[in-house]
1. With charges set only on the Cβ (+1 for Lys and Arg, -1 for Asp and Glu), what does the dipole of the chain come to about its Cα centre, in debye to the nearest 20?
2. Can you give me the long-range amide H partners of ASP30? Hydrogens built in the peptide plane at 1.01 Å from N, cutoff under 5 Å, separation of 5 or more residues or another chain.
3. What is the fewest-to-most order of THR50, THR205, THR40 by other Cβ atoms lying within 10 Å of their Cβ?
4. For the charge dipole of the chain, defined by +1 on Lys and Arg C-beta atoms and -1 on Asp and Glu C-beta atoms about the Cα centroid, which residue among PHE192, THR40, ASN63 has the Cα displaced farthest towards the positive pole?
5. Whole-Hz Karplus ³J(HN,Hα) for the range 150-163, in order, using 6.51 cos²θ - 1.76 cosθ + 1.60 and θ = phi - 60°, x for Gly and Pro?
6. Which one, [x] 21.6; [y] 15.0; [z] 17.0, gives mean projected area of the Cα convex hull in nm² as derived from the coordinates shown?
7. Treating the beta-carbon of each Lys and Arg as +1 and of each Asp and Glu as -1, no other charges, what is the dipole magnitude of the range 59-141 about its Cα centre, to the nearest 20 debye?
8. Tell me, what ³J(HN,Hα) does each residue in the range 89-95 have, in order and in whole Hz, if you take phi through Karplus 6.51 cos²θ - 1.76 cosθ + 1.60 with θ = phi - 60° and put x for Gly and Pro?
Amino acid sequence: METKIDLEEGWGIIQKEITKLINTLEGNPDSPLYGLIYSTVYTICQEKPTDDKCKVLYSRYENVYKNYLESKVLPAIQEKNDDVSMLQELVKRWANHKVMVTKLARYFNYLDRYHIPRNKLPSLKDVGFDCFRKIVYEKMNVKARDAVIVLINREREGNEIDKGLVKDVLEVFVGIGNEKGKDKLDYYVNDFETAFLSDLVDYYTRKGSKEITALECLQMEKDRVSYYLHPNTEEKLLKEVQGEVVPENAQQDLEKEMECKA
């Protein structure tokens, strides 16, 4: 490659390789030349005035995600006709997005090293994950949450469900927070757990305590935590179940019984 390159010419090279990555994510395997992306970004950013060109590249980097998520990813999830297919597509697209962000952030790394710290901008990974959150997650999280709760209630009724799928969907709720670089459960708690616990209370209120023993209820809900819920949900979940299915004067007896079963 020449030591100098025009911004628009360079962006054409970068865009061509990004299109190959997108084709691969869409199920049409291609072979992006990631080193070519890195070297082109580096060369463009060496041209003066450096900051102006870096600013353009940073903006276009963000637009790559916006355009792809709006034109391909969100429609692919929304067009599914049933809840299970919708959840499967959401999980697939989240996994693909993590791959895309990891790769592109690595090859636009020059911006992370110099332009971003100098201008106090969000990191490349933060930009990528924020785009997914705003464009996909914020439009789909309620529908995904409700679909998961329906599946969990089916399981409570004795039906078989895809526990792996439920776990994967809930990892999207957790991951949206964790990808900010911290172990944050805000999205999981606010967008899933609160509604889940409220529905749990409604479920056991409707069912009453005659069809199933309190010990069976508690054990099944504990199993759910181990299968697919976040561990932090267990204490809140068991508290709600005990409040609904266990008479106050029987709480101590139940606790002793559970200790014997452990």
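Readers should treat all values here as calculations from the given coordinates under stated rules, not as data from a laboratory. Just so it is clear, the structure is predicted and the values come from calculations on it, not from any experiment. When we count neighbours, we look across all protein chains shown, and the Cβ atoms used for this are built from the backbone with ideal geometry, even at glycine.
1. Working: 40 positive and 47 negative charges, 231 e Å.
With Lys and Arg at +1 and Asp and Glu at -1, about 1100 debye.
2. So ASP30 has HN proximity to THR24.
3. On the way: THR50 14, THR205 11, THR40 22.
With the fewest neighbours first, THR50, THR205, THR40 line up as THR205, THR50, THR40.
4. Comparing the listed Cα positions along the dipole, THR40 ranks first.
5. Residue by residue, the range 150-163 yields 4, 4, 5, 5, 4, 5, 4, 7, x, 8, 7, 10, 7, 5 Hz.
6. Answer by label: [z].
7. On the way: 16 positive and 10 negative charges, 99 e Å.
Rounded to the nearest 20 debye, it is 480 debye.
8. Once rounded to whole Hz, the list reads 5, 4, 4, 4, 5, 5, 4.
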